[in-house]
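Q: Starting off with a structure, shown below.
The values are calculated or read from the model by the stated rules, or taken from the named source; none is laboratory data. Quick caveat: nothing in here was measured; it's all calculated off a predicted structure. Cβ: placed from backbone, ideal geometry, glycine included. Neighbour counts: every protein chain shown.
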Amino acid sequence: MEEKVQDIKYIDIEKSIRERKSGILPLLPRFIIRILEKIVCQDGMNYILNKYSHTVGKEFLVKVIEELNLTLEIEGLENLPDHKKCFFAANHPFGIIDGLVLTHIVSSKYGELKAIANDAFMYVPQLRPFVAAVNVFDGSSKEYLHQLEETYRQDIPITHFPAGIVSRKLKGKIQDQPWQKSFISKSVSSQRDIVPLHFHGSNSRLFYFIHSARTVLGINLNLELALLPREMFNKRNKTIRVTIGKPIPYQTFDKSYTHLEWAQEVRAQVYNLGMN
């Protein structure tokens, strides 16, 4: 039985639903909400956040990795540059674990960083010092965009998943969607080299089945997103393997390709790292 720790509801599905002013969500019966709480592993997530509420940033990441008993196999640590004004760009197969591990790798080398991440991570106080928030689904406000521009100008490492969303099964393979071009544009304008990283592995079959099923049924709502905490706990006691490639100088991104095309070139390099 898990030891009792603090009982703060960092993640409160019922409260979030009841506070909505419109739509059908506020009308959901309690038993449906309880099912949703189970699906998103609300108790397990809150347990970790409470247990390590006294930690922040790098220390919190270490504690979560220990809590989940993850073994990290990291190849290419020598490719991390001594200068820290870089983009660290990776594929996004897991959703939470890859974010935690990427942040852990970079913070272990440089101490500080900013992770371009969904603004939902701002609800995790232990991670706030590391997060440069964006609203992935509704578009970012002017305030968010201004803060991002300030971040790009700083002498600080930035981590990023250029796909913007977790990998899905596409053309019979687990892979990212085409990468967005913004990290190339910002690499050039802020003179940041790009360090490619590849995460080996995938989520559960259930995760991809739900994505495929809702696609066939024409459901636009990202239902599988609710499974990401479950996917995190599925990695307990597992090995997470990461390959780090050599930095790509920002001068590489010349006018021989558009920034969108360069983004796909870097994406291809990342997946080539996964062939080892």
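Q: Of all residues in segment 177-219, which are free of Cβ contacts under 8 Å to residues at least 12 places away in the same chain and either farther than 19 Å from I39 by Cβ or crowded, with 17+ Cβ neighbours inside 10 Å (or both)?
A: As a first pass, look at segment 177-219 and keep what is free of Cβ contacts under 8 Å to residues at least 12 places away in the same chain: 205, 209, 213-219.
Across segment 177-219, the qualifying residues are T215, V216, G218.
Q: Turning to a different aspect of this structure: If a residue has to be of a type in the set (S, T, N, Q), more than 18 Å from L61 (Cα to Cα) and surrounded by fewer than 17 Cβ atoms within 10 Å (Cβ to Cβ) to count, how many in segment 220-251 make the cut? Show your work before the answer.
A: Of the residues in segment 220-251, the ones of a type in the set (S, T, N, Q) are 220, 222, 234, 237, 239, 243, 251.
If we keep only those that are more than 18 Å from L61 (Cα to Cα) as well, we get 220, 222, 243, 251.
Imposing the further condition that a residue be surrounded by fewer than 17 Cβ atoms within 10 Å (Cβ to Cβ) reduces the set to 220, 222, 251.
Within segment 220-251, residues that are of a type in the set (S, T, N, Q), more than 18 Å from L61 (Cα to Cα) and surrounded by fewer than 17 Cβ atoms within 10 Å (Cβ to Cβ) number 3.
Q: Looking only at strands (runs of 3 or more DSSP E) that fall completely inside segment 67-127, which ones have 3 or more residues that are within 19 Å of S202 (Cβ to Cβ)?
A: Those strands (runs of 3 or more DSSP E) span 71-75.
Q: Hey, can you tell me all the residues within segment 214-224 that are in a loop (DSSP other than H, G, I, E, B) and either hydrophobic (A, V, I, L, M, F, W, C) or not assigned by TED's automatic domain parsing to the domain that holds H160 (or both)? Before the answer, list the steps.
A: Applying the first criterion (in a loop (DSSP other than H, G, I, E, B)) to segment 214-224 yields 218-222.
Result: I219, L221.
Q: So, one more: Tell me yes or no: at least one residue of segment 68-82 is without any contact (Cβ under 8 Å) to a residue 24 or more places away in the chain and in the same structural domain as I248 (by TED's automatic domain parsing).
A: Taking segment 68-82 as the starting set, the residues that turn out to be without any contact (Cβ under 8 Å) to a residue 24 or more places away in the chain are 78, 82.
With the extra rule that they be in the same structural domain as I248 (by TED's automatic domain parsing), the set shrinks to 78, 82.
Scanning segment 68-82, I find at least one residue that is without any contact (Cβ under 8 Å) to a residue 24 or more places away in the chain and in the same structural domain as I248 (by TED's automatic domain parsing), so the answer is yes.
Q: Among residues belonging to segment 233-252 that are touching a residue at least 24 places away in the same chain (Cβ under 8 Å) and assigned to a helix (DSSP H, G or I), point out the one that is nearest to Q180 (Cα to Cα). Walk me through it before giving the result.
A: Initially, segment 233-252 is screened for residues touching a residue at least 24 places away in the same chain (Cβ under 8 Å), giving 233-250.
In the following step, the residues that additionally are assigned to a helix (DSSP H, G or I) were identified as 233-234, 250.
Numbers: F233: 29, N234: 29, Y250: 16 Å.
Step by step, filter segment 233-252, then rank; the result is Y250.
Q: Hey, another quick one. Where residues in segment 111-130 are modelled with pLDDT of 85 or more and within 12 Å of T159 (Cα to Cα), which of them is surrounded by the fewest Cβ atoms within 10 Å (Cβ to Cβ)?
A: Here the residue is E112.
For every residue, the table says whether it meets (1) among the basic types (K, R); (2) under 17 Å from the mean Cα position of the chain (by Cα); (3) in a strand (DSSP E or B).
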site: I174; (1), (2), (3): no, yes, yes
site: P178; (1), (2), (3): no, yes, no
site: S202; (1), (2), (3): no, yes, no
site: S212; (1), (2), (3): no, no, no
site: A226; (1), (2), (3): no, yes, no
site: D254; (1), (2), (3): no, no, no
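Q: Okay, next question. Considering segment 176-197 alone, what residues qualify as being touching a Phe, Trp or Tyr at 6+ places or on another chain (Cβ under 7 Å) and either over 20 Å from L113 (Cβ atoms) or not assigned by TED's automatic domain parsing to the domain that holds P249 (or both)?
A: V188 - this is the single residue of segment 176-197 that is touching a Phe, Trp or Tyr at 6+ places or on another chain (Cβ under 7 Å) and either over 20 Å from L113 (Cβ atoms) or not assigned by TED's automatic domain parsing to the domain that holds P249 (or both).
Q: Still on this structure: Within segment 154-161, is there a residue that is farther than 19 Å from H259 by Cα and either of a type in the set (D, E, K, R) or surrounded by fewer than 16 Cβ atoms within 10 Å (Cβ to Cβ) (or both)?
A: Quick first cut of segment 154-161, residues farther than 19 Å from H259 by Cα only: 154-157.
This time we only want the ones that are either of a type in the set (D, E, K, R) or surrounded by fewer than 16 Cβ atoms within 10 Å (Cβ to Cβ) (or both), so: 154-155.
Within segment 154-161, one or more residues are farther than 19 Å from H259 by Cα and either of a type in the set (D, E, K, R) or surrounded by fewer than 16 Cβ atoms within 10 Å (Cβ to Cβ) (or both).
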